[in-house]
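See structure below.
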Amino acid sequence: MSLSPSIYPNALRLASVVLVALSLSACGLGGRSAPVTIVAPQIDLETQAQWPEVDWALQVRRPVADRMRDSERILIRTGSSRLQTYPAVAWLDNAPDMLQALMIHALDDSDRFAAVGRPGNLRARFALATELRRFEGVDDHASAMAVELVIQSNLIDQRSGAVVASRTFRVTEPAAGNQLDALVPAFERAIQSYFEDLIDWVLVEGQRQER
């Protein structure tokens, strides 16, 4: 399963999937582990004409996640309460760090904010705080898997520290099959769909607070 970490602005197409096989050598006695496929999401967004332009900066905090999702392993849900990892496959980075980087790139590339960055890197009018609740493939034993993404998102007024808007985004994206090459584009589409809705929501809610 692979994706590339870069986001190119003003391109509507989804970038092609890039699979990078990485052989990891075990430390110590010189043993070797099995090859691992590294997955890096490649998401292309096009700026939407209806998105308003604002004159304030946005700080994007690292998503909060439980210990299972705060890792490099790609998760597959095989039942209502059962998770397993996709064998010999890993994200480019821990899922929250990877999504934070992609989120910053997408928001910044929208060209609608004065600035977008991480905490400590800029003084911002608002902050975006998120919780990664679901970010996994779903295998319900059908002919094809799906990707499920659930992210709770809060827009925070940096002056008062108060949450001024809150929304839980839910995306389910069917895959074309059960193999890695089919699951990767579904992850890309799910992330892209979330980013498109997120940018619109942040801009509208931020403007409402400014008024």
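Readers should treat all values here as calculations from the given coordinates under stated rules, not as data from a laboratory. Predicted model only: the values in this text are computed from it and were never measured. All Cβ positions, even for glycine, are placed from backbone atoms using ideal geometry, and neighbour counts span all protein chains on display.
General remarks:
- When the trypsin sites (Lys or Arg not before Pro) in the range 110-150 are filtered for DSSP coil states and for at most 14 other beta-carbon atoms within 10 Å of their beta-carbon, the remaining sites are R123.
- Backbone geometry of the range 130-145 corresponds, through the Karplus equation with coefficients 6.51, -1.76 and 1.60 at θ = phi - 60°, to 3J(HN,Hα) couplings of 10, 10, 7, 8, 9, 7, 7, x, 10, 10, 9, 6, 7, 5, 9, 7 Hz, x marking Gly and Pro.
- In order along the range 195-200, phi translates into HN-Hα couplings of 4, 4, 5, 5, 4, 4 Hz, rounded to whole numbers, per the Karplus curve 6.51 cos²θ - 1.76 cosθ + 1.60 with θ = phi - 60° and x for Gly and Pro.
- Here, P(r) means the percent of Cα pairs in each 5 Å bin from 0 to the largest distance; for the range 48-210 it is 2, 9, 17, 21, 18, 13, 9, 7, 4, 1, 0.
- Of the residues L128, L122, the one with the fewest other Cβ atoms within 10 Å heads the list, and the complete ranking is L122, L128.
- In sequence order, calculated HN-Hα J values of the range 90-101 (Karplus, 6.51, -1.76, 1.60; Hz; x Gly/Pro): 8, 5, 4, 8, 3, 3, x, 5, 5, 5, 4, 4
- Averaged over residues, the count of other Cβ atoms within 10 Å places the peptides 97-105, 165-173 in the sequence 97-105, 165-173, highest first.
- M145 long-range amide H proximity, modeled H, under 5 Å: A175, G177, N178
- Within the range 98-156, the percentage of alpha carbon pairs spaced more than 15 angstrom apart rounds to 62%.
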